[in-house]
1. Yes or no: region 255-267 includes at least one residue that is part of a helix (DSSP H, G or I) and surrounded by 23 or more Cβ atoms within 10 Å (Cβ to Cβ).
2. Mind listing whichever residues of region 249-274 are within 16 Å of Trp50 (Cα to Cα) and within 15 Å of the chain's Cα centre (by Cα)?
3. For region 179-195, what are the residues that are closer than 24 Å to Leu112 by Cβ, exposed (fewer than 13 other Cβ atoms within 10 Å of the Cβ) and under 34 Å from the mean Cα position of the chain (by Cα)?
4. If I go through region 223-248 residue by residue, how many of them are among the hydroxyl-bearing types (Ser, Thr, Tyr), in a helix (DSSP H, G or I) and crowded, with 17+ Cβ neighbours inside 10 Å?
5. With the condition kept exactly as written, say whether any residue in region 120-134 is under 25 Å from the mean Cα position of the chain (by Cα), in the same structural domain as Ala227 (by TED's automatic domain parsing) and within 25 Å of Val226 (Cβ to Cβ).
Amino acid sequence: MTLYESFKSYTGLTKTGLDKRKISTFGDTSAVGKGRFWSVLSVLTLAIIWYLGSAFGLINPIFWPSPSAVWQQFSLISEEGYRNFSLWEHIWASLYRILVGFTLGCLIGIPLGFAMGLSQIIRGWFDPIVEFFRPIPPLAFIPLVIIWSGIGERSKILLLFFAALWIMVIAARAGVSSVKLNKIHAAHSLGANKRQILRYVILPNSLPEIFTGMRVAMGVCWGTVVAAELVAAESGVGFMIMVASKFLATDIVVLGVIIVGLIGYGIDIMMRKIEAKLIPWKGKA
């Protein structure tokens, strides 16, 4: 395979024999590839616009710095750190808060969602509570968690726990509700008990919905932790953005925004890979 053919295969420009025989692919999701070529082209286009806009003075550097200024700050902070912490310590501080809050939200939210999907009493009891708190933005709880837990790490983790909890409850409940009844009847007819049905029928069929909820919850937690670090934090990517904004250091602000976007995108890709590995039956009847 030549280099050009390898590039076409990676970017999804090649078509399989089955796709070539199709008369129309509109509405056929199996014919929609990953579009890596267009993703690469999109990133390059944005980078070129940013570079040319800065080079020809079309963008005010006070409002949006040049790529070279952002890169210089990245190199400087990577070597010397920022506000008594290295760049990697700031990143790890944000990731640690997310992992702890997200994990706690999953450990409580998933079993509660399963119970709501399987028990009429539990669903009736908790459904008003979940539906009441679900539309409330997590940042609205900042004053309460500060009153409850102070301004330390515990308050930030508690805020992230609230951000993930309701999403995971709804995802697990939806996963249980999506299980086809004929599969449960088939398991009953084969002599399976309730525990076996839960383990071998309900849980595997609920995992696609649960993983979708986990991806959404992780994204919400990542956005929430950056905002939470804007208040009473000593480290973290959000702390970097907040301090830099006070001194109009837009190059550091933009650097922080880029770091947030890259890490968030990386987390989502990682969760997609895990989902594809653990749930190969997703999308299959």
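The values are calculated or read from the model by the stated rules, or taken from the named source; none is laboratory data. Note that this is a predicted model, so its numbers are computed, not measured. So basically every Cβ, Gly included, is an ideal-geometry build from the backbone, and we count neighbours across all protein chains shown.
1. Quick first cut of region 255-267, residues part of a helix (DSSP H, G or I) only: 255-267.
Applying the additional criterion that residues be surrounded by 23 or more Cβ atoms within 10 Å (Cβ to Cβ) yields 255-256.
Taking every residue of region 255-267 in turn, at least one turns out to be part of a helix (DSSP H, G or I) and surrounded by 23 or more Cβ atoms within 10 Å (Cβ to Cβ).
2. Those that are within 16 Å of Trp50 (Cα to Cα) and within 15 Å of the chain's Cα centre (by Cα): none in region 249-274.
3. Answer for region 179-195, where residues must be closer than 24 Å to Leu112 by Cβ, exposed (fewer than 13 other Cβ atoms within 10 Å of the Cβ) and under 34 Å from the mean Cα position of the chain (by Cα): Lys180, Leu181, Lys194, Arg195.
4. Filtering region 223-248 down to residues among the hydroxyl-bearing types (Ser, Thr, Tyr) leaves 224, 235, 245.
Pick out the ones that are also in a helix (DSSP H, G or I) and you get 224, 245.
Now restrict to residues that are crowded, with 17+ Cβ neighbours inside 10 Å: 224.
Of the residues in that region, 1 qualify.
5. yes
Matching residues to (1) outside the structural domain of Phe162 (by TED's automatic domain parsing); (2) in a loop (DSSP other than H, G, I, E, B); (3) at pLDDT 80 or above; (4) within 30 Å of Thr250 (Cβ to Cβ):
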position	(1), (2), (3), (4)
Ser6	yes, no, no, no
Leu18	yes, no, no, no
Asn60	yes, yes, no, yes
Phe74	yes, no, yes, yes
